[in-house]
1. Would you mind classifying the chain by shape? Square roots of the alpha carbon gyration tensor eigenvalues, ordered a ≥ b ≥ c; an a/c under 1.5 is rounded, otherwise it is prolate if a/b is larger than b/c and oblate if not.
2. Which FRET efficiency, nearest 0.05, do residue 54 and residue 81 yield, Cβ-Cβ r, R0 25 Å?
3. Given the rule -39500 (n - 2.57) for each run of at least 4 DSSP H residues, summed and divided by the residues of the chain, what is its mean residue ellipticity at 222 nm, to the nearest 500 deg cm²/dmol?
4. Would you pull out the residues with amide H under 5 Å of residue 180's amide H, same chain only if 5 or more places away, H placed 1.01 Å from N?
5. Given 0.36 nm per residue, what is the gain on full extension from residue 202 to residue 71 after removing their alpha carbon distance, in nm?
6. Using a basic spin-label model with each label point 7 Å from the Cα along Cα→Cβ, how many nm lie between residue 148 and residue 195?
7. Apply the a/c threshold of 1.5 to the C-alpha gyration tensor of the range 56-131 and tell me whether it is rounded, prolate or oblate.
8. Lys/Arg Cβ at +1, Asp/Glu Cβ at -1, dipole of the chain taken about the Cα centre: which of 169, 48, 80 is farthest positive-ward?
Amino acid sequence: MMIPARIHRNLLQILLFALLAACGASYPKVAKLDPAAVVLAFGDSLTFGTGAGTTDSYPAVLEGLIGRKVVRSGVPGEVSEEGLERLPEVLDEVKPGLLVLCHGGNDFLRKMDDAAARSNVRGMVKLARDRGIAVVLLATPKPGFGVAMPKFYGEIGQEFGIPVEAAILESVLTDRSLKSDLVHPNAQGYRKIAEAVAKVLKKSGAI
């Protein structure tokens, strides 16, 4: 039986992520965070923790894993353009040493232009880097038939030399046992996201 090209590409992408995870992906180096440094988790409902209790959100779990204060700044339903507008004020208020950015999912759900999402996510990364704030980018897959991870996350990561976690959200959001509804993780799913982010921070030297 012939496998449609799109499904074939998606299967290959899943295999690639699995191989990277098995081999232990390497990440660009990040300056070690001072024990008093604040980490800002910024994004939409995936950062807010929709589908689980506040203490089960990935930022709350991450705080316990890395021994640094993690500020949760997630707005359910927010698209990347709104995130780009909101971020400067949050950076001014929180003054983080590191930003964990997870954005773009609502753009994809609403079938908005990928080019605009790319520009907005890149703009958020640039805002932080221009202020000397380290960034870890959490890539969000596009929903639909099969799975598809937009290439622009990796491209932005390469441009700015920042770590990109490109596998965990796809892994969690395609596993029914880790989801509370069609598009949000449950407490177990958020814990896996937090563990993946903590792993990136440790491998990049930030922790």
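1. Values: a/c = 1.41, a/b = 1.38, b/c = 1.03.
Cα axes put the chain in the rounded bin.
2. Details: r = 27 Å, r/R0 = 1.06.
Between residue 54 and residue 81 the formula returns 0.40.
3. -15000 deg cm²/dmol
4. 186
5. Working: separation 131, 0.36 × 131 = 47.16 nm, distance 1.86 nm.
Between residue 202 and residue 71, full extension yields 45.3 nm more.
6. Modelled inter-label distance: 3.1 nm.
7. Values: a/c = 2.30, a/b = 1.45, b/c = 1.59.
Taking the square roots of the gyration eigenvalues as a ≥ b ≥ c, the range 56-131 is oblate.
8. The listed residue farthest towards the positive side: 169.
Read-outs: derived from the displayed coordinates by stated rules, not from any lab. Remember, it's a predicted structure, so these values are computed and weren't measured experimentally. Quick reminder, even Gly has a Cβ in these numbers, built from the backbone with ideal geometry, and neighbours come from all protein chains shown.
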